[in-house]
Amino acid sequence: MAGNFKVLEEFLGDSLDLPVKCTDGKIRTFHISPCSAEDGLRVEKLMESGMRMAADGAEPEAEVLNDAAEMDLYRVALGTAYDDAVKHLAWPRLRHVALTAVIWISQGLPAAEAFWAADGDPSQAAPNREERRASSRAAKSTPKRGSQSGTSTPRATSRARKAAKT
């Protein structure tokens with residue numbers, strides 16, 4: 001019995017299609033299939049480690065993965081599209097396609113779309129932590145409007161509402 005749940009395939013994208021202008025000038029769409037559960041968990045763990053490092057104030061240039069581990073991550077994220085991407089893309093485009101796939105695996109389609117649209121600049125895909133904190137502080141420090149007459153009236157309780165109706 002499915003209850004009120006939609007069939008997962010109705011709303012969860014099973015693949016990612018990324019159109020890219022290749023080194024030969026042609027636009028190709030790289031079809032990225034979902035990775036295995038084991039690989040998905042591995043990608044998420046790596047992303048969490050990187051995010052934890054950033055939250056702890058690590059330098060942006062700090063190496064999270066060595067070159068071989070980074071290429072392995074890209075191979076896992078791109079799956080069967082990896083060889084075709086390596087064959088047809090220069091490094092900056094390969095990296096952008098692979099990181100978009102990594103974000104899709106670890107954070108979902110909306111985050112991957114935001115990263116893709118931000119030209120690979122994570123700071124443009126979402127406001128940075130300091131901006132979020134500043135807006136949160138501003139919202140908390142904005143004084144709430146009080147009574148204009150200088151008095152305050154307690155909120156009516158349900159008992160008071162019942163008495164007022166009679």
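The values are calculated or read from the model by the stated rules, or taken from the named source; none is laboratory data. Note that this is a predicted model, so its numbers are computed, not measured. Don't worry about glycine lacking a Cβ; one is built from the backbone with ideal geometry, like all the others, and counts go over all protein chains shown. We work out accessible area using only protein heavy atoms, side chains counted, and drop any ligands, DNA or RNA first. Shrake-Rupley method; radii C 1.70, N 1.55, O 1.52, S 1.80 Å.
If His31, His88 are ordered by their accessible area, calculated over protein heavy atoms with a 1.4 Å probe, which sequence runs from highest to lowest?
Reading off the accessible areas and sorting them downward yields His31, His88.
Which length gain, in nm to one decimal place, applies between Asp17 and Ala54 when the Cα-Cα distance is subtracted from 0.36 nm times their residue separation?
Full extension from Asp17 to Ala54 adds 10.4 nm.
Subtract the Cα-Cα distance of Ser33 and Leu65 from 0.36 nm times their separation in residues, and report this length gain in nm to one decimal.
9.2 nm
Suppose accessible area is computed on protein heavy atoms with a 1.4 Å probe; arrange Leu109, Leu78 from highest to lowest.
Descending order: Leu109, Leu78.
Quick one: if the Förster radius is 22 Å, what FRET efficiency do Lys26 and Asp119 give, using the C-beta to C-beta distance and rounding to 0.05?
Once the sixth-power term is evaluated, E becomes 0.60.
Quick one: ranking Ile103, Ile27 by accessible area, 1.4 Å probe, largest first, what do you get?
The ordering from most to least exposed comes out as Ile27, Ile103.
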